[in-house]
Amino acid sequence: MRAIVHRRRPPLSALTAAFAAVGLVLTGCTIGTELDSSAASTPAAAMSASSTQAVAEQQSPEAPTTRPAPTPTAEQPLIGKTIYIDPGHGGPVGEEMWEQVPDGRGGTTACQSEGAATKGGLTEQTFNWQTSQLLSADLKRLGAVVITSRDDDAGSGGCVDQRIAAANQADADVFVSLHADAGPEFGYGFFVNYPSAATGEPFEEQSAELALADLTPSTYAGDEGLLARGDLAELGLAQVPAVVVHLANMNNGIEGALLADPAVRKGYSMALTTGIIDFLTGSVAPAD
Ligand code: ZN
């Protein structure tokens, strides 16, 4: 892990920028924040609100009351949160892989792709799966409900559009798709894709201020580890806060070799967990 972490700030704030940035984007396009703040934003909520009012008017002690939301604690700050983790790839193989599916922006994209691999033979699919296992365990320990797109390394998580559709369906508080990149051999580091069409004007400045701290930002992709994409179905179809995280460049010999180390994967999991907590609990304020 130390070979990756090279900056001065504490090592667990790596995704702060990414998730805070996503929060800013989503504030701009009113996804999520409206869902959270408007008690009557769904038919069920509206019914609940009106029946509560009626009950109050009748002052009936027998009347049902709205079940209180579970309360987060210091030990479990993610109680009440649903987090969708997508270990990238592992979907249909063969001809089915190339079936075109909607990208959410009026175009189409392949159902799935094979993903990258290190020179040592670690496939991205397996790396993503292994990292997702650590991340899921960490998030559950912190009180979150965790949904994953596939149940094992070999299992199919479906096409890319199906994965984000499942997160939308679950009304997840955040969707995180785990990947590693197949970049140029000389390049290394971490970058986060966020939905391009939702980019707000203050976003890039604020993102720069909240620049990724401790996982080395990519030397070849994005700006300080942030890269907007308009062609990823996972982002184009998102109705919840969504990011696609590229944790490392598998084509780089040194960085690729590190990915086989469980301690390195644990470091990624811890960084992602901290980023998720920061995003979901608002502990990192956006820059003015
Ligand atoms: Zn990938």
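So for the stretch 122-131 (the condition being more than 16 Å from the ligand (Cβ to nearest atom), in the same structural domain as residue 250 (by TED's automatic domain parsing) and either of a type in the set (Asp, Glu) or at pLDDT 95 or above (or both)), does at least one residue qualify? Looking for residues that are more than 16 Å from the ligand (Cβ to nearest atom), in the same structural domain as residue 250 (by TED's automatic domain parsing) and either of a type in the set (Asp, Glu) or at pLDDT 95 or above (or both), one finds none in the stretch 122-131, hence no. For the stretch 164-182, the criterion of a residue being away from the ligand (no atom under 16 Å from the Cβ) and of a type in the set (Ser, Thr, Tyr) is satisfied by no position. Which ones in the stretch 132-159 are within 16 Å of the ligand (Cβ to nearest atom), in a helix (DSSP H, G or I) and not aliphatic (A, V, I, L, M)? Within the stretch 132-159, just 132 meets the criteria.
Annotation: of all residues in the stretch 88-125 being without any contact (Cβ under 8 Å) to a residue 24 or more places away in the chain and assigned to a helix (DSSP H, G or I), the one that is surrounded by the most Cβ atoms within 10 Å (Cβ to Cβ) is 97.
Looking only at residues in the stretch 172-190 that are at pLDDT below 95 and in a loop (DSSP other than H, G, I, E, B), the one that is farthest from residue 78 (Cα to Cα) is 188.
The residue pairs whose first member lies in the stretch 165-185 and is assigned by TED's automatic domain parsing to the domain that holds residue 241 and touching a residue at least 60 places away in the same chain (Cβ under 8 Å), whose second member is within 8 Å of the ligand (Cβ to nearest atom) and among the small types (Gly, Ala, Ser), and whose beta carbons are closer than 7 Å, counting only pairs six or more residues apart or on different chains, are 177/88; 178/88; 179/88; 180/116; 181/116; 182/116.
The values are calculated or read from the model by the stated rules, or taken from the named source; none is laboratory data. None of these values were measured; they are calculated from a predicted model. Note that we place each Cβ from the backbone using ideal geometry, even for glycine, and neighbour counts take in every protein chain shown.
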